[in-house]
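The values are calculated or read from the model by the stated rules, or taken from the named source; none is laboratory data. All values derive from a computational prediction rather than experimental measurement. Counting neighbours? That spans all protein chains shown, and the Cβs are built from the backbone with ideal geometry, glycine included. Ligands, DNA and RNA are excluded from the accessible area calculation, which covers all protein heavy atoms including side chains. Shrake-Rupley method; radii C 1.70, N 1.55, O 1.52, S 1.80 Å.
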Amino acid sequence: MEDIQFNKKHLIRYLIWTFAIAWALQIGTFFLYSNGDRVIYQFLIIGVMFVPSIGVFLSGAGFKSINFKVRIRGNIKYYLISWFSPVVLTVLGMVLYFALFPSQLDLEGTMLSQMLGEEGLKQIEAQGLSVQLLMIISLIQCVTYAPAINMFFAAGEEIGWRGFLYPQLKARFGRVRALIIGGVIWGVWHWPLIWLIGYNYGAEYFGYPVAGMLLFCVITTALGIICEWLYEKSGSIWTTSIFHGSLNAAATIPQVVTTPNSGSMTLLGSAPNGIIAGLPIIIFAAIILFAPGKAEKIPE
């Protein structure tokens, strides 16, 4: 990976475009969500993920410095980490959360039943499936093909964050400060959704919405450290895209085994963006951040 030269003009343009477009779209999703247009809302949420890549283009920086090569050779372990560690970290967080709050565990699939609705339940029953079996199938999907599908959507963010923003911040502030600053920027980028529709945490917790906004910055900082480490080690944007996509898939696992209407408990867990369930991710990131030695750079 080539040494990146800091370009203040490109960085400022990138941040302006990335935030302006993303926040406008997120505010738009609020109105769609409020009016019950959930299908269009979901498509718009997916569209927001591509904004960081669009920001790179509009900044004038171009994509030459971003490593799009797959680089399988010598990087198998990083691809395996990218694919499976999100599930492992999510499950560890779930175990910790449910050990502390066993009443929150629901293996009957009540949450999934509510999500499917009466018509959806009839459809799966007609196929000879049960809610419990569907939960197992969902888990299998999360560790098999879901990361590969989600990878392409996650790349929309990773090209912008890890491909452009983090290298620029490292060139200006050094590695440790850049990882912290970059993580906070990534978290703040999501703030309109957390504030307006209770994204990730709902709206029933103490300190809403500020507590959720601040907590999410902690989580994105930790995730950013892991993603950047994968990018540094592998020299490929696809490892970090797989990790991001795998995490998005794994985050649905606790959703289907947690008691519905958890209220203020959503801030604590059981999803990996919670205070308790997010601890394995935070610890993993801390080990990476403070481990001795310097990140290897893969030559072109």
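Couple of notes before you dig in:
- On inspection, residue 217 passes the criterion of being open to solvent by 10 Å² or more (accessible area, probe 1.4 Å) and within 30 Å of residue 80 (Cβ to Cβ).
- Unmet criterion (only one of (1) open to solvent by 60 Å² or more (accessible area, probe 1.4 Å); (2) over 30 Å from residue 197 (Cβ atoms); (3) under 22 Å from the mean Cα position of the chain (by Cα); (4) not basic (Lys, Arg)) for residue 66: (1)
- Test: residue in region 145-162 that is over 17 Å from the mean Cα position of the chain (by Cα) and in a helix (DSSP H, G or I): no
- Selection status of residue 11, loosely packed, with under 13 Cβ neighbours inside 10 Å, in contact (Cβ under 8 Å) with a residue 60 or more places away in the chain and among the aliphatic types (A, V, I, L, M): no
- Of all the residues in region 274-300, those that are modelled with pLDDT of 85 or more, assigned to a loop (DSSP other than H, G, I, E, B) and more than 16 Å from residue 247 (Cα to Cα) number 2.
- Screening the candidates 196, 165 for the property of being open to solvent by less than 20 Å² (accessible area, probe 1.4 Å), hydrophobic (A, V, I, L, M, F, W, C) and part of a helix (DSSP H, G or I) yields one hit, 165.
- Restricting region 110-134 to residues that are closer than 16 Å to residue 256 by Cα and among the small types (Gly, Ala, Ser) leaves a set whose member that is surrounded by the fewest Cβ atoms within 10 Å (Cβ to Cβ) is 117.
- Pairing each residue of region 99-114 that is touching a residue at least 60 places away in the same chain (Cβ under 8 Å) and within 15 Å of residue 129 (Cα to Cα) with any residue that is open to solvent by 60 Å² or more (accessible area, probe 1.4 Å) and not in a strand (DSSP E or B), provided the two are 6+ apart or on different chains, yields C-beta distances under 7 Å for 109/132.
- Pairs with Cβ under 9 Å, 6+ apart, first in region 162-178 and at pLDDT 95 or above and of a type in the set (Phe, Trp, Tyr), second part of a helix (DSSP H, G or I) and open to solvent by 50 Å² or more (accessible area, probe 1.4 Å): 173/180; 173/181
- Of all residues in region 241-253 being surrounded by fewer than 21 Cβ atoms within 10 Å (Cβ to Cβ) and over 14 Å from residue 97 (Cβ atoms), the one that is modelled with the highest pLDDT: 248
- Condition broken by residue 80, with the remaining ones in (1) modelled with pLDDT under 95; (2) within 20 Å of residue 243 (Cβ to Cβ) satisfied: (1)
- Complete set of residues in region 20-29 that are open to solvent by less than 40 Å² (accessible area, probe 1.4 Å) and under 19 Å from the mean Cα position of the chain (by Cα): 22, 26, 29
- All positions within region 208-253 that are outside any helix (DSSP H, G or I) and free of Cβ contacts under 8 Å to residues at least 24 places away in the same chain: 208, 209
- Filter result for residue 32 (surrounded by 18 or more Cβ atoms within 10 Å (Cβ to Cβ) and either among the acidic types (Asp, Glu) or more than 21 Å from residue 228 (Cβ to Cβ) (or both)): yes
- Any hit, region 96-105, residues being at pLDDT below 90 and either open to solvent by less than 50 Å² (accessible area, probe 1.4 Å) or within 28 Å of residue 195 (Cβ to Cβ) (or both): no
- Selection status of residue 226, open to solvent by less than 10 Å² (accessible area, probe 1.4 Å) and modelled with pLDDT of 95 or more: yes
- Taken together, the residues in region 254-270 that are surrounded by fewer than 24 Cβ atoms within 10 Å (Cβ to Cβ) and either among the hydrophobic types (A, V, I, L, M, F, W, C) or part of a loop (DSSP other than H, G, I, E, B) (or both) amount to 9.
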